[in-house]
1. Residues in the stretch 179-193 near a label at Leu146, defined as backbone nitrogen under 20 Å from the 7 Å Cα→Cβ point?
2. Skipping prolines and chain starts, which residues have an amide H placed within reach, meaning under 5 Å, of the one on His216, given they are 5 or more residues away or on another chain?
3. Taking a label point 7 Å from the Cα of Asp47 along the Cα→Cβ vector, which residues of the stretch 145-167 have an amide N closer than 20 Å to it?
4. Give me, ordered by chain and number, the residues 5 or more places off Gly161 or on other chains with an amide H under 5 Å from its own placed amide H.
5. Which whole-Hz couplings ³J(HN,Hα) result when phi for each residue of the stretch 97-113 is put into the Karplus expression 6.51 cos²θ - 1.76 cosθ + 1.60, θ = phi - 60°, listed in order with x for Gly and Pro?
6. Could you list the residues of the stretch 35-78 with an amide nitrogen less than 14 Å from a label point located 7 Å from the Cα of Val131 in the Cα-to-C-beta direction?
7. Which percentage, to the nearest 5, of the DSSP beta bridges contained in the chain is antiparallel?
8. In whole Hz and in residue order, list the ³J(HN,Hα) couplings for the stretch 58-69 that follow from phi through the Karplus curve 6.51 cos²θ - 1.76 cosθ + 1.60, θ = phi - 60°; x for Gly and Pro.
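Just so it is clear, none of the values below were taken in a lab; they were calculated from the coordinates. Everything numeric in this text was worked out from a predicted model, so none of it was measured. Here Cβ is always computed from backbone atoms with ideal geometry, including for glycine, and neighbour counts include all displayed protein chains.
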Amino acid sequence: MPSADNLIIAAEPYSFEFSPASCALLIIDMQRDFLEAGGFGEMLGNDISQLRRTIEPARVLLTAWRAARLPVLHTREGHRPDLSCLSAAKKRRGRNRVSIGDRGPMGRILVRGEAGHDIVPELCPMPGEAVIDKPGKGAFYATDLLTILQNRGIRQLIVTGVTTEVCVHTTVREANDRGFDCLVPEDCVGSYFPEFHDAALKMIKAQGGIFGWVSHSRHVLAALNPAEDR
Ligand code: TIU
């Protein structure tokens, strides 16, 4: 039985019961270099439309989450300007002509403080919302995210952002191993590769929810505002 203060989100493999007091919205790496025309992602030949379709549903969800006065955290993948937190392995990976730290169309690629490293304007963080700068794919690795969540009594996460099978998946796996319940709204996460997106979502909810739950933002919105007609 759900406790009186808990809300229920329709989800797979079964309903997600959450306590608003201990549930945060975690928005992964919605950065210009991944999502915007002329950014690092597109420069590598990726189809950014697969990522850009997440912006509007994520914006609507973020607006509702803020209106409900629930906690929001944002992450950005990137490195110190001196690249001291960029491993040689990550720098070499891909053997691209242009790589992390080099000059790109929106400033130095995935370097903190550069234009391409910024979060897209539609999802710009507000004062009071934590922004976690992470050097890896997972949001827990080499960051203070776990400390912040523990200090705020957060035990459940609604995880959105890009890309589904890389930074979102790594973060959901990390969170799962640290005892968090994660729900992923499928319309608010995206991948350059639709087949990887689909498989990544299946992996999360397989085996009775081995890593967490998959849902849609309309079900999260319905839980937040049950009276509204959708
Ligand atoms: N944020 C994130 O997923 N970083 C990536 O590098 N993703 C890719 O899919 N390349």
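1. Under cut-off, by backbone N: 179-183.
2. Result for His216 returns Glu186.
3. 161-167
4. Those lying under 5 Å, H to H, from Gly161 are Ile28, Val189, Gly190.
5. Here the 3J(HN,Hα) series is 4, 10, 9, 3, x, 7, 6, x, x, 10, x, 5, 5, 6, 10, 4, x Hz.
6. 73-78
7. Antiparallel bridges: around 20 percent, rounded to the nearest 5.
8. After applying 6.51 cos²θ - 1.76 cosθ + 1.60, I find 5, 5, 5, 5, 4, 4, 5, 5, 5, 4, 7, 6 Hz.
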